[in-house]
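See structure below.
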Amino acid sequence: MSTEGVRTAFDAVERELGCEFMEWEGWLWPNHFGDAGAEHRAVRQDVGVWDESPLRKWEFRGPDALRAADRIFTNDMLGLTPGQVRYAPFCDDDGKMVGDGTVFKVGDEHAWVITALDSDLAHFEQVLAGFDVAVEPITPALPHVQLQGPGSRDLLASLCDADVRTLGYFRFFPEEVRVAGVPAWVSRTGYSGELGYEIFCRPDDAGELWSALTSEGAVPYGLAAVETLRIESGLIFIGYDYFQHETDPFDVSLDKVIRLDTGDFHGKKALAETAKHPPRRMVTLAVDGDEVPEYGAAVSKDGEPAGTLTSPCESPTVGTVIGLAVLETRFAEPGTRLDVAVGDGSAAATVEALPIYDPDKRRPRS
């Protein structure tokens, strides 16, 4: 694994635990702490902590802060109330995805936006010409961790001076709180398919925050466990499940966060046409056998191309080989039998619910 890249504020405490890192988009991310399977199970069964600091964070300030977010993203960001978070993709003129992310409304003229890439800023600036808003990159100044799993609420409640038990799903405390005495901001969001929270702090406080969480039993985990968690939970990742300026949000079944009835987001006209008859849909495929196909493996039906297996894995929870797949709509019905390229041959696969784990997403809302 590469060891070149920007280190997060949690890097030193993670190295003390023997973390193996990997570079992605210029930053070093924790990959695993020795046993990715155990890390996965900790999140599903108890509570884990993941350093997700390299996600790009942007501060929107000015009279048009929320109107700007509403113009960029496909979801209704003008309808946010202070302390509320919404997720959505953002698109180019042709309705193809540039990225995806979350918007946190701090106040009427103040929002945080979290996305994946530095290059997102150039897109924002293009879309926001004429808007009265200042967009400032704040990633290094705001490191954060995800605290995820069914035990996350009890653990955080024991350390936080705010009432996290009453914090609703996709809500956050816009005011600074304290977690084990560390000044922080807390949101009830995550990327695991479980009940969970994200905790943001200042760089100088990162080590103390990490120590407090792990001392109370949070198990450190990294991208290797994140990968199996997200595939089970139907969560997409740029460069694997969607590609900039190629994939539209309907391809990855993001219908619920595309509002065509109100607003005027960038790419809306093109998406309004696609919405009439989406040509592709995202599903989970359950693959027969124990061999895991390659990322991007071809999917077919009786020799006819049917789509692509975008993200495969051996699922620790389901106990079989599964994967996210983008299929032509006519092949996307649950129960459909298909073939996936594996090595020099193929394996049979069945279309399952998206996500295959907790399909009604009750656990993160619990």
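The values are calculated or read from the model by the stated rules, or taken from the named source; none is laboratory data. None of these values were measured; they are calculated from a predicted model. With ideal geometry, Cβ positions are generated from the backbone for all residues, glycine too; neighbour counts draw on all protein chains shown. The accessibility values were calculated without ligands, DNA or RNA, using every heavy atom of the protein model including side chains. Shrake-Rupley method; radii C 1.70, N 1.55, O 1.52, S 1.80 Å.
Couple of notes before you dig in:
- Within segment 145-159, the presence of a residue that is among the β-branched types (V, I, T), surrounded by 18 or more Cβ atoms within 10 Å (Cβ to Cβ) and free of Cβ contacts under 8 Å to residues at least 40 places away in the same chain is excluded.
- Each residue in segment 202-213 was checked for being without any contact (Cβ under 8 Å) to a residue 60 or more places away in the chain and either hydroxyl-bearing (S, T, Y) or buried (at least 22 other Cβ atoms within 10 Å of the Cβ) (or both), and 0 of them qualify.
- Scope segment 214-260; condition closer than 23 Å to S119 by Cβ and of a type in the set (A, V, I, L, M); matching residues: L223, V226, L235, I236, I238, V252, L254, V257, I258
- Among the candidates V13, V85, V6, the residue that is open to solvent by 50 Å² or more (accessible area, probe 1.4 Å) and either in contact with a His (Cβ under 6 Å, 6 or more places away or on another chain) or touching a residue at least 40 places away in the same chain (Cβ under 8 Å) (or both) is uniquely V6.
- Restricting the first member to segment 284-311 and to residues that are at positive phi, and the second to residues that are β-branched (V, I, T) and open to solvent by less than 60 Å² (accessible area, probe 1.4 Å), the beta-carbon pairs closer than 8 Å and six or more apart or on different chains are G289/V321; G289/V342; G296/T308; G296/T310; G307/V299; G307/V326.
- Of all the residues in segment 286-298, those that are assigned to a strand (DSSP E or B) and in contact with an Asp or Glu (Cβ under 7 Å, 6 or more places away or on another chain) number 1.
- Some residue of segment 326-339 being closer than 30 Å to G196 by Cα and not acidic (D, E): yes
- Selection of first residues in segment 229-253 that are open to solvent by 10 Å² or more (accessible area, probe 1.4 Å) and of second residues that are of a type in the set (K, R) and assigned to a loop (DSSP other than H, G, I, E, B), restricted to Cβ pairs under 9 Å at least 6 apart or on distinct chains, gives the following pairs, ordered by first then second residue: G234/K361; F243/K96; Q244/K96; H245/K96; E246/K96; T247/K96.
- Residue in segment 49-58 that is touching a residue at least 12 places away in the same chain (Cβ under 8 Å) and open to solvent by 50 Å² or more (accessible area, probe 1.4 Å) present: no
- Considering residues of segment 311-321 that are over 19 Å from the mean Cα position of the chain (by Cα) and assigned to a strand (DSSP E or B) only, the residue surrounded by the most Cβ atoms within 10 Å (Cβ to Cβ): V321
- Test: residue in segment 25-36 that is in a helix (DSSP H, G or I), under 21 Å from Q148 (Cα atoms) and among the small types (G, A, S): yes
- Count of residues meeting criterion [of a type outside the set (F, W, Y) and either assigned to a loop (DSSP other than H, G, I, E, B) or under 21 Å from H40 (Cβ atoms) (or both)] in segment 163-198: 17
- Residue within segment 19-42 that is open to solvent by 20 Å² or more (accessible area, probe 1.4 Å), of a type in the set (F, W, Y), touching a Pro at 6+ places or on another chain (Cβ under 7 Å) and closer than 30 Å to H110 by Cβ present: yes
- Within the set E216, E136, E176, the sole residue that is out of contact with any Asp or Glu (no Cβ under 7 Å at 6 or more places or on another chain) and either of a type in the set (F, W, Y) or in contact (Cβ under 8 Å) with a residue 12 or more places away in the chain (or both) turns out to be E216.
- Residues that are more than 24 Å from the chain's Cα centre (by Cα) and within 24 Å of E352 (Cβ to Cβ), drawn from segment 264-278: H277
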